[in-house]
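Quick notes on the structure that follows.
The values are calculated or read from the model by the stated rules, or taken from the named source; none is laboratory data. These numbers come from a predicted model, not from an experiment. Virtual Cβ from ideal backbone geometry, glycine too; neighbours counted across all protein chains shown. Remember, those area values only see protein heavy atoms, side chains included, never the ligands or the DNA or RNA. Shrake-Rupley method; radii C 1.70, N 1.55, O 1.52, S 1.80 Å.
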Amino acid sequence: MHFVVGLLDGEVRLYHVDGTLVHTFKGHTCLVWAVAVTPDGQHIISGSEDKLVKVWSVASKSLVSTCAGHTAVKAVAAMPDGQRILSGSVDMTVRVWLLDGTLKNTFRLHTGGVNALVALPDNQHALSGSRDKTVKLFNVNDGAVLRTFTHHTSFVYCLALLPDGLRFVSGSYDKTARIAYHGLAL
């Protein structure tokens, strides 16, 4: 069992659950805002102030791909299929990438920077949280927004899916955490 952290100096570190450092991935030139791991545990995704998303191989401890096109990247997520990743940026877009760095889609869902992303178990939908104070439920294939949640009064900074897969929690600069049903029957 492992966990991963992104650091201010641009490093991404993989640790064993006992706290032992397994490997340090170097390649970002600025602080790493976001990290995620593919469901199979084979790839780490990192997003940085340097405007890049990087995909790292856990097995070979090497860089797999670099995804460029954003301004500062604040959020990343791995889709359940383990083949697609999501990134969100201060440029107000969510991008869908393949692990090899191929850009599949760019969606402008918000009127503020995207700070948080979480993929849903159906492998077709995700949630994004933004500086525009909203959380959006959207289709990752075409960018269609199915629902907009307006339960915060300030920036949404973090999202997590609850274990039932039907609810999520959002955290905001308004000093609240809200739990809501996303509304899809999974």
Could you pull out every one of the aspartates and glutamates with an alpha carbon less than 17 Å from that of residue 26, ignoring same-chain neighbours closer than 8 positions? 9, 11, 49, 50
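Accessible area per residue, 1.4 Å probe, Å², for the stretch 39-186: what's the number?
Details: 6210 Å² over 148 residues.
It amounts to 42 Å² per residue over the stretch 39-186.
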Reported label for calculated log10 I(q)/I(0) by the Debye sum over Cα atoms at q = 0.08, 0.14, 0.15, 0.19 Å⁻¹ given (i) -0.38, -0.82, -0.89, -1.27; (ii) -0.23, -0.71, -0.82, -1.29; (iii) -0.29, -0.83, -0.92, -1.23: (ii)
Under 18 Å from a point 7 Å along the Cα-to-Cβ line of residue 142: which residues of the stretch 66-99 have their amide N that close? 96
Which net charge results when you count Lys and Arg as +1 and Asp and Glu as -1 among the other residues whose beta-carbon is under 10 Å from that of residue 173? +2
Label-point separation in nm, residue 2 to residue 100, each point 7 Å along Cα→Cβ: 2.3
What residues have an amide H closer than 5 Å to that of residue 140, excluding those fewer than 5 places away on the same chain, when H is modeled at 1.01 Å from N in the peptide plane? 125, 126
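Using the Cα centre as the reference, give the magnitude of the dipole from point charges on the C-beta atoms of the chain (Lys, Arg: +1; Asp, Glu: -1; all else neutral), rounded to the nearest 20 debye.
On the way: 17 positive and 14 negative charges, 73 e Å.
That gives a dipole near 360 debye.
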Efficiency of FRET between residue 122 and residue 9 - r from beta-carbon atoms, R0 41 angstrom, step 0.05: 0.65
Which order do peptides 158-169, 47-58 fall in by mean Cβ count within 10 Å, highest first? 47-58, 158-169
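Got a number for carbon plus sulfur as a percent of the chain's accessible area, 1.4 Å probe? Walk me through the numbers on the way to the answer.
Details: 4580 of 8390 Å².
C and S atoms contribute 55 percent here.
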Could you tell me which of rounded, prolate or oblate describes the stretch 108-186, using a ≥ b ≥ c as the square roots of the eigenvalues of the alpha-carbon gyration tensor, with rounded for a/c under 1.5 and, failing that, prolate when a/b is larger than b/c and oblate otherwise? oblate
